[in-house]
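The structure under discussion appears below in the form of structure tokens.
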Amino acid sequence: MKKFNFKKVLDGLTSSSAPPAKPETEITETLGSEHFQVSKTVRHGFPYQPTAMAYDPVQHILAIGCKSGSIRLFGRPGVDCHVMHDNDAAVLQLIFLVNEGALVSVCSDDSLHLWNLRQKRPAILHSLKYNRERITYCHLPFQSKWLYIGTERGNVHIANIESFVLSGYVINWNKAIELSQRTHPGPVVSLSDNPTDSTKLLIGFETGMIVQWDLKTKTAECRYACEQQTLHSLAWHHEGKQFMCSHSDGSLSVWNYRSPSKPAQVFQPHGHPAQKGSKPEACRPIMKVAWPTSRTGDPFIVFSDGLPYERSGRRPCITVMQGKSVTVLEMEYPVVNFLPVSSTPWPNDFQDPYAIIVLLENDLVVIDLTTPGYPCFQNPYPMDLHESPVTCCTYYADCPPEMIPAFYTVGSRQQKKTGFSDKNWPVKGGEWGTSTCSYPEIIITGHADGSLKFWDASAVTLQLLYKLRTSKIFEKQPLNQSTEYEEDPFAIVKIAMCCESRILCVAGTSGHVIVYRYNKVETTVDVPTLEIALVYEVDDLDSPDTDQIPPPMPPPSSSVGSAGSGGMPSPSPHHSTSSEGAEKVGSPLLKVKSGPQKMVPGYQVDLCAQLVTVEGEPPSQILCLAINSLYGLMAFGNMQGLAIVDIIQKTTLLNLGTPDLYGSADPYTRTQPRSPQRKKPPAGLGDLGEAQAVEQERCRSPTTERDESNGVCLSPTGTTRKKLADIKRNRNQPRPRMSKAHSTASMEGNGGDADSKDGSFSRSRSSSMSSLENVSAEGINCLSFTESYTRKTDPVTSPCLWVGTTLGSVLVIVLNLPPQGDQRLTQPVIVSPSGPMGAAALGDLQSQMLMCVGHPSGTILRLKGAILAMSFLDCNGMTIPPLFAKWEDPKKKEENREAKDGQSMQRRGWQQLQHLHRQKAPSSPTTETISDRQFVVICSEKQAKVISLPSQTCAYKLNITETSFVCKADVVSIANSVCLACFLANGHIMTFSLPSLRPLLDSDFLPLADMRIAQTFSFSNCGQALYLCTPSEIQRITLAADTCESLQEMLCELFLPVDTPEGPKQSFFKGLFSSPSIVDKEELFGEAASGKASRSVAKHIPGTGGIEGVKAEAGSAMAEVQKARMALVERGEKLSELEERTEALKVGSEMYASSAHQVMEKYKNKKWYQL
């Protein structure tokens, strides 16, 4: 009997139902969560808001502390390390443990931290947090383990630097001053021990009282009363017999060690001598003074400021005095601190300073004291990153390797700065990493003054390659006639570069776009210009009578192509069709220089396209920019519309308002907006004043927030620029309003399959993309040139431009390109929006163009939020590389035209493959016979979708966030595959596999403190990314786990084993007649002599990293190894015991066999009855 199988019956029932829709080709995704790890790599630029500085004269390492609590450590060029305190307390003071690989930081929250610099990632070993008193000044003598800590109350505490435990020895202020003094001496502003007698400690109070404290007798040996107002600093002469003070009235006083009654000398270096009966000239305070001595001449006196108040307009300065020579070195920014640099760390020896390190608020200057005139060293660090405020950044990892030498070649020809010292940079400590990155990296920064800087960012270094000034082609504006609309009219807002062809496009804040081509030779050319009027006007539409036939819509002459004879594009742009509209068009905000201009080698101007004012309103800021070197096209968009420019023929091909791209399929009801006057935008990302208020409002209202005044849903991309496009629409171009059913159908025309599972966005009230909303502004936020399928029935790909808007729509514009060669120079490029626009509504010229291009595809896709990124994948899930024309030397190209034609065929190899595929495709395919051969990945502020082409079905869909929004998104390569990387406003970095959009990484990495981070965040290939963390610093991060593993070898070494220089040798007679006190400080400050400090004064906090953490980890690892070893030994012993037992059993069995054999031999020949 046949057995009944119930499982087969169920299988048959389930097979009868339709399976879920899946991609026809299963793509194997190789990326997993193990391939991702977020980590900061290196920080470049000038430390923002510096507050403290220290220098190790033996290791030659410079440390700079900042207001934000960060510390930057610099050595030789390329040695740069960044560490950060756990909190944001400002760094008040830094002290090196000379040649010991350690650093003490004093913070504004009254805490001290000991950093271990003997590892590539420095970490805190100990911390000491004061509870009752505020720390004002600290001093650590050379080769001493006792740290002197001065407080605001005037007391001096002593801590052991090795254990960070306070000693019971305390110098109280009431014991330091005289008994007759009734006033408090003020906070401790300076501490310094005598260079020749370490038991004598000089304590300087703010009110001018100076006390020399004897540490052995615990008494005040001498008291010096300064009458020159407030005391700021103290400096010893290396012999220990005199010291110098700086005061708030711009004076310096010199005191003899043994004469406390009056100073030996008081003088104002920059003040005129006081006449009889008159007061001395008022001077600014001298904040710090240094008194280094020299073997070959008079000692140096170096101090900051001290100039008279009457000399208004004088810059901050550093004054160097030696004998009768007085040199005043003016600085561009206020002085934060300065340090004389000498070759010896011993304070009782001649210092012989050879340089002065000056830390300014926005720069680092090192002065050469060994060269006449005191020139400055040329700074090898990339600290001029913020020379002009950074407004945008672009990151190109794994770029063509020949680009860096090309930029370096033209950059080295630029005029070099003169007047610098010829000697080597004195800060020369540390060592580079043992490994480097295998691919080249380039960073391009755009600045508020219109300049661009190209940086070599390979490995963990940053070096300036080339600088380009875009403002050179414009006429200078009079100083008394500044731009009404822009504080920085030349500021860079967008950068787009084709690395293979070296074509560069730059968009400025005044509505100008400049196209540059790389050239090795100098040329003189006239700058071609195009004036474009991007206008969209909305007006109230009156319902016409039923008997009245509406007049036909006149064709906008600048919308598709340009009006000209024979369909040829006109070289001049056009605006409106009516004379009234033409009168509204103004002129560009900037005027290009007329006549031939000299172009130096490097990037040379090929075209300048400018948006013009309309009705006195300036053009809105450009939001996106795209370039394709093979097509020879450039496109850009703003909140008013889209423009496509032919950079070969120098013509405007398309100039449309955003709603006109939809045609009759516009899903929105356009309301009449207000027309407010444009306010001045923020000056740059470095100036946070007004920018933060505007951008914080953007952070607070993502795509779900609604403007109650006009019903517009605000997105982070469209909110601040919404008002810039509010211009009334021309009455000669009415457009019918779409009903709800009609708009929904038009939206679902091609996106119905994509949203069949979850419904369209028009039905979701949680989305800001509803077709029922009244919209006054929709801008172009994302552009991508590619060769793709524009309609569902397309058997082959065709050149096109994908357009993403601020309201989440994606449209496709078809490009009809003439053949390459001479025809490309003469025949027009025909472009057509793919929205379902009828030929009757477009006019005769556009109808002819549509006949050439084909029927419009009607491709309109919808997502929540503004479109941020679009990328295309092939059937294997790999990124389709953009088509490009390889860069060729113009000189060689003119010499070998035939070779150029052959190379032109080669660089279009990928396109030729597409043409071969077109020839093999069926001539009249149906929808059923066409299989999807391409994916488009679209990411918005809220969602991500993967659309199969040409069927235009949604293969995968993901809601990225509901509570926040995506600030930056891009499809990047990593681990020989691709993924979608997103940076969210809540600080999360997320990655998703492609094409399935499977989550791979979700790291709460960085909170969005201000919009500077979002505006400059840039993803690149190989899992690399960067952002402008401060107005003067760039932070690079990596998402790749393999990079994190090799990062330890790429980072620099800060500490190198170096012998400490020998101290000065004391002469026989000096040692005979003077017997300096040599006392073990342990006997003075140790627990046995002074007891323990009160626990309420300060709290000791052990470090979480550094050597102790490494030792703890090593100890645990050693414990595990020891356990494993013991288990192995135990197992071996058991095996040995088992082996012995086995051997004993073997011997016993052999003996038993021998005995049995003997018994057998004994009774073998006997009968049974003989037994």
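The values are calculated or read from the model by the stated rules, or taken from the named source; none is laboratory data. Quick caveat, the model's predicted, so the values are computed rather than measured. Counting neighbours? That spans all protein chains shown, and the Cβs are built from the backbone with ideal geometry, glycine included. The area values use the complete protein model at the heavy-atom level, side chains included, leaving out ligands, DNA and RNA. Shrake-Rupley method; radii C 1.70, N 1.55, O 1.52, S 1.80 Å.
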query = Given H placed 1.01 Å from N in the peptide plane, which residues other than close sequence neighbours of Gln597 have an amide H under 5 Å from its amide H?
reply = Val525, Asp526, Val527
remark   = The set of residues whose placed amide H lies less than 5 Å from the amide H of Phe36, leaving out same-chain residues fewer than 5 positions away, is Ala1041
remark   = Full extension between Lys476 and Leu1138 adds, at 0.36 nm per residue less the Cα distance, a length in nm of 228.7 nm
ask   = If we sort 330-339, 967-976 on the protection proxy, mean other Cβ atoms within 10 Å, highest first, what's the order?
value = 967-976, 330-339
request  = Using 0.36 nm per residue of separation minus the Cα-Cα distance, give me the extension gain between Tyr374 and Lys175 in nm, one decimal.
outcome  = 67.1 nm
query = If you plug each phi of segment 67-76 into the Karplus form 6.51 cos²θ - 1.76 cosθ + 1.60 with θ = phi - 60°, what whole-Hz ³J(HN,Hα) values come out, in order, with x for Gly and Pro?
reply = 5, 7, x, 8, 10, 10, 10, 10, x, 4
inquiry  = Classify segment 226-369 from the C-alpha gyration tensor, please: rounded if a/c falls under 1.5, else prolate or oblate depending on whether a/b exceeds b/c.
reply    = oblate
ask   = In this model, which of Lys145/Lys175; Lys200/Lys1099; Lys650/Lys957; Lys175/Lys1099; Lys129/Lys200; Lys417/Lys494 are farther than 32 Å apart at the alpha-carbon?
value = Lys650/Lys957
ask   = Peptides 93-103, 1016-1026, 1132-1142, 362-372: what's the order by average Cβ count within 10 Å, highest mean first?
value = 1016-1026, 93-103, 362-372, 1132-1142
task = Stick to the Cα atoms of segment 69-221, pair each with every other, and give me the Kirkwood hydrodynamic radius in Å at one decimal.
result = 16.5 Å
request  = Decide, for segment 319-395, between rounded, prolate and oblate: order the square roots of the alpha carbon gyration tensor eigenvalues as a ≥ b ≥ c, take rounded if a/c falls under 1.5, and otherwise choose prolate if a/b is larger than b/c, else oblate.
outcome  = prolate
note = Once normalised by the length of segment 202-295, the mean sequence separation of its alpha carbon contacts under 8 Å that are 6 or more apart gives a contact order in percent of 23 percent
key: Formal net charge of residues neighbouring Val335 (Cβ-Cβ distance under 14 Å; K, R +1; D, E -1)   = -1
remark   = Going residue by residue through segment 866-879, the Karplus relation 6.51 cos²θ - 1.76 cosθ + 1.60 with θ = phi - 60° gives ³J(HN,Hα) values, rounded to whole Hz and with x marking Gly or Pro, of 5, 6, 10, 8, 9, 9, 10, 10, 8, 5, 9, x, 9, 5
remark   = For Asp110, other-chain or 5+-apart residues with amide H closer than 5 Å (H placed, Pro excluded) are Ile135
key: Peptides ranked, highest mean first, by Cβ atoms within 10 Å: ranges 252-264, 384-396   = 384-396, 252-264
query = For segment 175-256, which whole-number percentage of the solvent-accessible area (1.4 Å probe, protein heavy atoms only) is attributable to carbon and sulfur atoms?
reply = 45 percent
task = Determine one quarter of the surface area of the Cα convex hull of segment 109-159, which equals its mean projected area, and express it in nm² to one decimal.
result = 4.1 nm²
note = Relative contact order as a percentage, segment 357-432, C-alpha pairs under 8 Å and 6+ apart, gives 32 percent
ask   = Computed on alpha carbon atoms, what radius of gyration and Dmax characterise segment 928-1002, expressed in Å?
value = 13.1, 46
ask   = How large is ³J(HN,Hα) for each residue in segment 405-410, as worked out from phi by the Karplus curve 6.51 cos²θ - 1.76 cosθ + 1.60 (θ = phi - 60°), to whole Hz, x for Gly and Pro?
value = x, 5, 5, 5, 5, 6
query = For the pair Glu29 and Glu162, what calculated FRET efficiency results from E = 1/(1 + (r/R0)^6), where r is the Cβ-Cβ distance and R0 = 45 Å, to the nearest 0.05?
reply = 0.25
Pairwise label distance in nanometres, Tyr1163 with Lys218, each label 7 Å out on the Cα-Cβ vector = 10.4 nm
FRET efficiency estimate (nearest 0.05) - Cβ-Cβ, Asn959 to Asp1010, R0 22 angstrom = 0.25
message = Using DSSP to call loops (not H, G, I, E or B), can you name the trypsin sites (Lys or Arg not before Pro) in segment 372-428 whose Cβ has at most 14 other Cβ atoms within 10 angstrom?
response = Lys416, Lys417, Lys423, Lys428
inquiry  = I'd like the accessible area for Glu1087, computed on protein heavy atoms only with a 1.4 Å probe and all protein chains in place. Round to 10 Å², please.
reply    = 110 Å²
